[in-house]
Structure formats: structure tokens, C-alpha cells
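What follows is a set of notes on a single structure, which appears directly below.
The values are calculated or read from the model by the stated rules, or taken from the named source; none is laboratory data. Quick caveat: nothing in here was measured; it's all calculated off a predicted structure. So basically every Cβ, Gly included, is an ideal-geometry build from the backbone, and we count neighbours across all protein chains shown.
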Amino acid sequence: MAKQHKFTVTAARGMLPLLADELKQLGIKQSKQEQGNIRFTGTLEDAYKVCLWSRVAIRVLMPVATVRAETPEQLYDAVTALPWEDHLEAEDSTLAVDFNSFRSKIKHNQYGAQKVKDAIVDRFRSLTGVRPSVDLQQPDIRVNVYLRHNQATVSIDLSGESLHRRGYRVRNTQAPLKEHLAAAILLSAEWPKLARQGWALVDPMCGSGTFLIEAAMMAADIAPGILRDYFGFSYWKQHDREAWKKLKADAERRRQAGLSRLPLITGGDADPQAVEAAQANIAEAGLSDWIQVAERRLLDWPAERQSLPAAGLLVCNPPYGERMGESASLYRIYESLGDIMRESLPGWRSAVITDNPQLGKFTGLTLFDSVPFDNGPIECEVLFFRACKPVASAGQPQTAPDPIISDSAPEPDQIEISEQGDMFANRLKKNLKHLAKWARKNAVSCYRIYDADLPDYALAIDLYDDQVHVQEYAPPKQIDPQKAVERLKEAMQIIPDVLELPATHVSLKVRQKQRGLNQYEAQAAQNKRFQVEENGLKFWVNLKDYLDTGLFLDHRDTRQMLMQMASGKAVLNLFCYTGSATVYAAAGGASSTTNVDMSNTYLKWAQDNMQLNGFDGEQHHFIRANCLEWLQAAQQGAQRFDLIFLDPPTFSNSTRMEGVFDIQRDHVSLIQMAANLLKPAGQLVFSTNRRDFKMAVENMEGLALKDISSETIPRDFERNKKIHQCWLVTKNG
């Protein structure tokens, strides 16, 4: 039987009942709750479990002695007599001492810590002639001494540093919420239970993202200490490495299994710096694929209600009067929260932490519980409000359907899958298996997994992390329209099953041949966008509102080529769309970028993409203009470029353009005008996705053209070589 030890686990005010529940769940039975801590008897492995799995504990201490210490000398002598060589090597080792005194004759904590440190060091010096050093940050052992009524409990601190430091916080905001406090609030709100039932979670004032990360770690059964690379036992002489290795392996297994069942977790903040901090912390926690964060004001959240399920938990940490100096105006925030809950999220519960519980009355919501917690030095309460119109039945929430994007979207009723449907499902599984390995190896999270492979299922299916974008090509005239509708309905039932994703993660659009501004028109008014990564760069995408998502996946390799070409160069992006090519150019070291498009929406989107990646200097220009008119005017100017990317629409008859633009008819003059803006030795990359396009090479006077289409078709588009055509254009001579 493993050796039994006594341990003390500390927690903040109000969290001991939660800690007691955690210890029970960890299988620790011999425990006793005292003021400010819980003592238990168990093995080292039990103590390691608490360090790894407790979400509310602060420290795990292992007492090694209790000594009388009425004077500094008595303290020194008692500590010197302890066998510190059993815990620490003398040479090349480090230690730190924490000392706290309560109603004792030694009142000065720093002086007490100094006497304990001297005692340990002097013992080693007398035994070995060498002494350990002091390291206050991550010592080999941390000694904790608690002096109460002149009785000192001397302990080894197995946590090493406060357990609230999970290891994911790389960016802070003003007055951030500590991790263990966020966890305590979520536990008090029964979030683990709600998450298992499929409830969603929203934090509309997410700050640095603490609530979102802690909620995801709970829902996915992720150990809060799994990211930490240091504990107080890491270099302790009695450390049981095999037990720790086993616990870490089990935690990793549970993490992998848990991530597959995460519910919707999303948040936002009006402060773009807070959003950036949250995204950085979420990425450090390895949860970017599962948590969505966007720059969004509190009053913008009602617009998101259609994309949220009927049942969920809203949790937030609004500004405090004491913290922010705005107590007189804070009631408006609480009024707004109440309005949002009643009008947009009536089936949702809410939990709000505040330093002034009276503000909760301004929500107009029904309070069913409150719990006192401290947020640092500020005494606070967490207010728990009931749902205005509960939708849960027998513990199972009813979820709201996703909004319909297309008029021809099928009804969600379950249907019997046909033999052709089985073929479609098998092809989708085969493609996914083939491409998923490639995608993981190349750090690609957005890619095409199906492109009208089977004639009866004329769909393009793209994965954007855990979201699916489905486009239905207009069926040929010879196909029975009723049959096309049935095939689409069948496909929309099969897709989430094969991909093992909720149906609410699938967005459908019908792709017709577009004319003019139609190719950019919004399909809906949800303003729902989220971030994805490609080759280490970040982009906003929107699967709901527009025909295209904001990121042309077939140009992934083209963008990477532009990045490799851009170092030190002035780059022009014509018909820039959302500026993804510009982001790559800036990442490649472009000296300047100029972006031209006639859509305000897409120019703003391009600016957002650039800012998302930290490229917001004055050398980056965004011009709203008809690209053809701008090109004509630029012929007379002096500005020239080293590198131009030209990816025009196939057609355009926008009211902001004179006449109709046709890429087949007009490409010669378009390329000639763009090439005139090249500096000597400059290069132009031209692309079009018109399937029957023919390059009029014979009419390109003074230009050398190289067809690089095959070099720019990504792996996931190899089944469709005609997805685009691409040329590298240079001036002769």
C-alpha cells in the first residue's frame, strides 16, 4: 500500500465547499474542512491529482513538522534541526520561503521568512560545505511556514506557485478575472452539468477570455493544470515521477476525448485590445478551434440570437464602480443585460459578478441565488438569474434551429438515405480521410473536402475549422428540379453525420452564375463572422451573410507565392476583396501595400484582416474606387509598383461602373493597364476563375506571360484543375 501523508489545500473565501466537492470527485475521502483550508490524508498521487485537477485550489501543502516558535531564535533552531537533505540537494539547487504570521510574537513576515531561509541554508553549509541558492520564481522546493499562536507549521509547497496560474495567460487586460474565480463562478452556476446537456455559453464582456477558457476546459474535461510545466514537486527529491507521468497521460487522453463534445462557447468585447488578448490566451490554451471571440459591443449581441441555441448560460464580469471609477453610470449596463436576456435570450440563465449587488436590480431579472467571492482585494457577489422563459424539459434543453440561408434550403426532417446517398457518404468519408492527414501535417484548418465529385450531388463542401460551408451549384437543366431538391435534402442530412458535427455548424448556399454586384451581395443580415488561421496568419470569415466567405481557399498557394515574392516591395492588390493576399504580402515583408475595391464592406474587411495580423501602419493604403477608373487615372500618375495581384470578377454591371465588365472580352486592356504600373523588373500575377477563359497571349504586346496555374492549385482542389487559371506577367526587356 502506498505511503500515506497529511496534506493541506488552501482556497479563497467562499470556495471551500466547491473545493470539498472536487476532492470527493477525485476519490479523496479522509478530509476535514477548516477555516481557509481543507486537510486530507492520502498518497502523493492524491496530492498530484489535486495539483492537476482542482479548479479552485490555491496551494497544496505537505506539512513536514510542527514546531514552537515564540522567538526568532527558537524558530531558527527548530527549522535547522529538520532533515532538509531529504527534500533538496545542497549543490546547484534553489529554494524559496513563504511565511505568514497570525497572532504570534514574530509579526514581520519577511523577517520570519529570512530566519527560515537562513536556517535551511546553514544546515546545508554545516553538513556539506555548500548551500542552495534562492529563487523566488520557480525554486526546486518552496517552503511554506504558517505561524499561528506561536506554533509554526512547516510544509513543502507541492503546488510551487498558485494553482490559479494555469499557464495559458500570455496577455492581460485591465482588472482581469483570476482563473480560479472564473472557475468557481462557473461551478456555482452548474456549468459542467449544463454543458453536458448541450447548453451554450456566452460572455459578452469577455476581457482577456478567462470565463471562455475555463468554461471550455470544464466542458471538455481538460485538467486545469495540464499546461503548466512547473509544480513545487517537479524537482523535489521525493517526487514520484511514475505516478505523475501516469496522471498526465490520463489527463491528455481525457482532453482528446472531451474536445469532441464541446458545446458552443463564444464571447466578445467592445475593446479590440481585449479581443486580441482573449484570442492570444485562447490560442495558448490550444482552444482556438473551439472558442469564437469577436469585437462586439454589448448592444450588438441581440443580432446574434438566431445563431445561438434556445438554452444557454450568459456569464460576465461587468466594470465595477470601485475598479473603473464609473459607478454612477453602471446601471445602464445592467439594464442592457436585462433587456438582452428578456428579448433575445429568454431561455438562458445568467451569472454576473459585481462589487455592488444593488446594481442587479436594474436588470429586472429574477434572482435565485447569490454567492460571495473576492475578486482580488475587492469583495464581490455573484448574482445568479433565472431564465425568463425556461425551455428545458426533463433536463434536456430545446435548441433553436439555425436560420435558413437559402430559399431552397431543405426542411430539417429526417429522411431515409438512398443507395446514391450511401455512395455520397462514402465519397465524403474517403475524401475526408485522405485530406485530413494532409491538412494536419500542413497546419491547414480551412480546406475543400468535396467538389461535385458525384453528378447527383452538385455541391462544394468546405471545412472552416469546425464549421462547414456548403454551396449547391445550380443543377443542369436536364435534371428534374424535384430530384435535385431531394438530393440536396439528403446531402444536408448526411454531411453533419459524416463530419461528426452538429447540423447547426453547417451553412448552405445555392450558387448561381452571378452578374455584377450580386456576387458580393449579402445573403442575410446576421453579421456573423469568426477567425480562422492559414499558414500562421489569421483571417475573418463569414459563412452566413455573403455568397463567398471572405477567403478564397483555392488561392491558398497563390497567396503563399505572393508572400515569397513580396519582401521589400511595393504591392498593389486590385479588386482586393477582403485583402487576404495583402495580408500575405505584408507578412512577406512588403514595404507598402495599396488595396483598391469599390465595396466599402470589403475594404473594411480587408483593414480588419490586416489589423488582426498586426499590419496597421501608414504604409498600408485602402482606396474605394472603381478599379478600372482608378487604373485609367493611375496611368498618368507617377506611382509604380514592384508586385501587382490582379484577380478581377468574371462579370460586373454594378451601378458604380459604366457599362458591363467581361473578363474574357476585357482582360487584354485590363492586364496592359495594370502592367503599365510596374516598375522595371516588376511582376504581375493575374488570376481568373472563369472556367472557359482563353488568354489572348498574341495580343499582349511587350509582355511575357507564364502559365502558373498548375503551380497554384492546392492539394484539396486537385480534383478540379479548372478552379482557377493563373499567369505570371513581366515586361519584355
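The table for this structure:
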read-out: Matching entry among Pro63, Pro83 (being closer than 18 Å to Asp140 by Cβ and at pLDDT 95 or above); value: Pro83
read-out: Neighbours by Cβ (under 6 Å, 6+ apart or cross-chain): first from the range 703-719, assigned by TED's automatic domain parsing to the domain that holds Gln672 and closer than 16 Å to Asn732 by Cα; second in a helix (DSSP H, G or I) and β-branched (Val, Ile, Thr); value: Leu705/Val697
read-out: Qualifying residues in the range 189-233 (those that are at negative phi and of a type in the set (D, E, K, R)) - the one surrounded by the most Cβ atoms within 10 Å (Cβ to Cβ); value: Glu214
read-out: Residue that is surrounded by the fewest Cβ atoms within 10 Å (Cβ to Cβ), among those in the range 629-662 that are modelled with pLDDT of 90 or more and aliphatic (A, V, I, L, M); value: Ala638
read-out: Subset of the range 580-602 [among the β-branched types (Val, Ile, Thr) and either outside the structural domain of Leu631 (by TED's automatic domain parsing) or under 25 Å from the mean Cα position of the chain (by Cα) (or both)]; value: Thr582, Val583, Thr601
read-out: Residue match in the range 461-471 (condition: in a strand (DSSP E or B), surrounded by fewer than 16 Cβ atoms within 10 Å (Cβ to Cβ) and modelled with pLDDT under 90); value: no
read-out: Among the candidates Asp716, Asp707, residue that is within 33 Å of the chain's Cα centre (by Cα), closer than 30 Å to Leu435 by Cα and of a type outside the set (Gly, Ala, Ser); value: Asp716
read-out: Residues located in the range 120-151, provided they are surrounded by 20 or more Cβ atoms within 10 Å (Cβ to Cβ) and farther than 22 Å from Phe233 by Cβ; value: Leu147
read-out: Among residues of the range 59-80, those that are part of a helix (DSSP H, G or I) and either in contact with a His (Cβ under 8 Å, 6 or more places away or on another chain) or of a type in the set (Gly, Ala, Ser) (or both), counted; value: 1
read-out: Any chance Asp692 is of a type in the set (D, E, K, R) and under 25 Å from Gly588 (Cβ atoms); value: no
read-out: First in the range 486-511 and under 20 Å from Val541 (Cβ atoms), second anywhere and of a type in the set (D, E, K, R) and at pLDDT 85 or above, Cβ under 7 Å, 6 or more apart; value: Leu501/Asp466; His505/Asp466
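Yes or no, residue by residue, for (1) touching a helix residue (DSSP H, G or I) at 6+ places or on another chain (Cβ under 7 Å); (2) part of a helix (DSSP H, G or I):
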{"position": "Leu82", "(1), (2)": "no, no"}
{"position": "Glu85", "(1), (2)": "yes, yes"}
{"position": "Leu95", "(1), (2)": "yes, no"}
{"position": "Asn100", "(1), (2)": "yes, no"}
{"position": "Gln114", "(1), (2)": "no, yes"}
{"position": "Arg123", "(1), (2)": "yes, yes"}
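Residues are listed down the side, and each one gets a yes or a no for (1) under 18 Å from Gln174 (Cα atoms); (2) in the same structural domain as Leu463 (by TED's automatic domain parsing); (3) modelled with pLDDT of 90 or more; (4) part of a strand (DSSP E or B):
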position: Gly268; (1), (2), (3), (4): yes, no, yes, yes
position: Glu276; (1), (2), (3), (4): yes, no, yes, no
position: Asn281; (1), (2), (3), (4): yes, no, yes, no
position: Ser288; (1), (2), (3), (4): no, no, yes, no
position: Ala328; (1), (2), (3), (4): no, no, no, no
position: Ser336; (1), (2), (3), (4): no, no, no, no
position: Met341; (1), (2), (3), (4): no, no, yes, no
position: Leu345; (1), (2), (3), (4): no, no, yes, no
position: Lys361; (1), (2), (3), (4): no, no, no, no
